[in-house]
Every structure is written in structure tokens, then in C-alpha cells.
Amino acid sequence: MRVGILGSGLMGGKLVTLFARAGHEVVFSYARSEQKLKRLAREAGEQARAGTPADAARESDVLLLAVHWSRVDDVLKQAGNLSGKVLISCSLPMNANDTDLVLAHTSSGAEALAKKVRGAHFASAFGTVPSEVLFGVFDGRRRAKRPTLVYCGDDRRAKGVAAQLIRDVGFDPLDVGPLRIARYTEPFTLLIAQLAYEGDRGPEVAYRFEWMGRE
């Protein structure tokens, strides 16, 4: 696939680097400097290049939205019309200080984003693990038991793409249902962040769900 990133920070930069290593063509966009985008593209290899959000939207089949909640409207404006595109978001609806969700209980950041990009094929994925674990999971992707990564959405096409990309970076995808389930996965991410950044065992944490009693 051709994958564009809208937000080349810690999470977006690492995920799209792994997408490139998995064989996809990628476009890095939306970082603090053009030099950073070029460096990320150079380090990701021949399958990667740097560009603008508009370049990423125009040249890619799939877009990954990975910006802080305060930057969502700006990056979507720069990207332009996303009708017909597959858009996967890992952006959490956090406040400016990253201390609390600004949407919860009766809605979610994913549901709010889907309304902003009507016409796109939308799903929510990749937001429930810290960026620090991504390279380790990718390196261990041939293990028999992989860590789980949940995803949700109302669009069948977007969910299929999300599941494939989740497998490509080394996780076992778990479809947890329609987009409204993001009301549960987004607070769950705060639990993962608590373990990763406030615990004493480090940020390289992943999770796995198992159904006991099954073969």
C-alpha cells in the first residue's frame, strides 16, 4: 500500500518507519521541521519520502492521523479533501497538558474525528500502546504469540486496512466492534500510559488478550 502520515512525531514517525520496513511506500508529513521529515524518510529507506500533508493525502491510499488533539483541525485543513481515502487515527482527545480526555463517556475522539472527515473510510487503531514498544514488537513479529492491538470502526474497508497494517508491524489485531467502542479504548489507553510512564518497569509495554478454555 501507499501510506501517508499526518503527524510525524514519536508515534507517527515510528509507525510509518515500520510500514516502510514492511514493504509499503510511505510519505512522512507534518513535523516541526522539514529537516526532520527528510531525516525520517532517509532513515526509513527507499520506500519513503518527505512531503506536505497535501502530498500525503494526494499520493497515498491510506492515511494515518497521529497528531496531538490540538493540531487535528490544522492538519486536516492542510491535507485537504479526504473523500474516498482510508483514514486511520491514533490521535487521543487529550487536553493541552495531556492530563485528561476532553471527550469521554458519551462520545470519543474517534467519533468526533469521523464527523470531521465525512466521506473518508475511517477507523481507530494504534493508539493503545506507547511508541516505545513498537520497534521491539516489530523485531519479534515472527513469534507464535504476538501482543494484541485493538481497533474499532464502522467502515469495513478501513477496518480491513487497519488489521493488515497492525499485522505488518507485529501485533495480533483484535476487532472490538463499532466506532463507539472508542469510548472504552481511549480511556484504556490512559491505563497503558499509567503503566508505561508512571510505573517502575519502563515504557516498553504491550498487552495480550486470551480466551481461556479454548483450543
Sole miss for LEU113 among (1) within 22 Å of TYR184 (Cα to Cα); (2) part of a helix (DSSP H, G or I); (3) touching a strand residue (DSSP E or B) at 6+ places or on another chain (Cβ under 6 Å); (4) touching a residue at least 60 places away in the same chain (Cβ under 8 Å) is condition (4)
* Asked: When you look at LEU6, is it out of contact with any strand residue (DSSP E or B) (no Cβ under 9 Å at 6 or more places or on another chain) and under 19 Å from SER124 (Cα atoms), yes or no?
  -> no
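Given the structure, is GLY4 open to solvent by less than 10 Å² (accessible area, probe 1.4 Å), closer than 28 Å to ILE192 by Cβ, in contact with a helix residue (DSSP H, G or I) (Cβ under 6 Å, 6 or more places away or on another chain) and in a helix (DSSP H, G or I)?
Numbers: open to solvent by less than 10 Å² (accessible area, probe 1.4 Å): yes; closer than 28 Å to ILE192 by Cβ: yes; in contact with a helix residue (DSSP H, G or I) (Cβ under 6 Å, 6 or more places away or on another chain): yes; in a helix (DSSP H, G or I): no.
No; evaluated as a whole, the condition is false for this residue.
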Scanning the stretch 191-205 residue by residue, those buried (at least 17 other Cβ atoms within 10 Å of the Cβ) and either touching a strand residue (DSSP E or B) at 6+ places or on another chain (Cβ under 8 Å) or at pLDDT below 95 (or both) turn out to be ILE192
Exactly one of ASP154, ASP73 is open to solvent by 20 Å² or more (accessible area, probe 1.4 Å), part of a helix (DSSP H, G or I) and in contact with a Lys or Arg (Cβ under 9 Å, 6 or more places away or on another chain), and that one is ASP73
Can you confirm whether the stretch 101-124 contains a residue that is more than 23 Å from LEU87 (Cβ to Cβ) and under 15 Å from the mean Cα position of the chain (by Cα)?
-> no
The number of residues in the stretch 173-215 that are assigned to a loop (DSSP other than H, G, I, E, B) and either free of Cβ contacts under 8 Å to residues at least 24 places away in the same chain or among the aliphatic types (A, V, I, L, M) (or both) is 13
Would you confirm, using the coordinates I've provided, whether ARG141 is touching an Asp or Glu at 6+ places or on another chain (Cβ under 6 Å), basic (Lys, Arg) and either modelled with pLDDT of 95 or more or open to solvent by 20 Å² or more (accessible area, probe 1.4 Å) (or both)? no
Quick count over the stretch 60-78, residues being more than 16 Å from ALA114 (Cα to Cα) and in contact with a strand residue (DSSP E or B) (Cβ under 6 Å, 6 or more places away or on another chain), is 2
Among LEU63, LEU92, LEU18, the single one that is part of a helix (DSSP H, G or I) and either crowded, with 17+ Cβ neighbours inside 10 Å or in contact with an Asp or Glu (Cβ under 9 Å, 6 or more places away or on another chain) (or both) is LEU18
Looking across the stretch 76-99 at residues that are under 15 Å from the mean Cα position of the chain (by Cα) and touching a residue at least 60 places away in the same chain (Cβ under 8 Å), the single one that is farthest from LYS159 (Cα to Cα) is PRO93
Filtering the stretch 32-42 down to residues that are charged (D, E, K, R) and either assigned to a loop (DSSP other than H, G, I, E, B) or touching a helix residue (DSSP H, G or I) at 6+ places or on another chain (Cβ under 7 Å) (or both) yields ARG32
Among THR148, THR99, THR106, the single one that is more than 19 Å from ALA66 (Cβ to Cβ) and open to solvent by less than 10 Å² (accessible area, probe 1.4 Å) is THR148
What about GLY170, is it open to solvent by less than 10 Å² (accessible area, probe 1.4 Å), on the phi > 0 side of the Ramachandran plot and assigned to a loop (DSSP other than H, G, I, E, B)? yes
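The values are calculated or read from the model by the stated rules, or taken from the named source; none is laboratory data. These numbers were taken from a predicted model, which means no experiment stands behind them. Please note: Cβ atoms are built from the backbone with ideal geometry, for glycine as well, and neighbour counts cover all protein chains shown. These area figures cover heavy atoms from the full protein model, side chains too; ligands, DNA and RNA do not enter into them. Shrake-Rupley method; radii C 1.70, N 1.55, O 1.52, S 1.80 Å.
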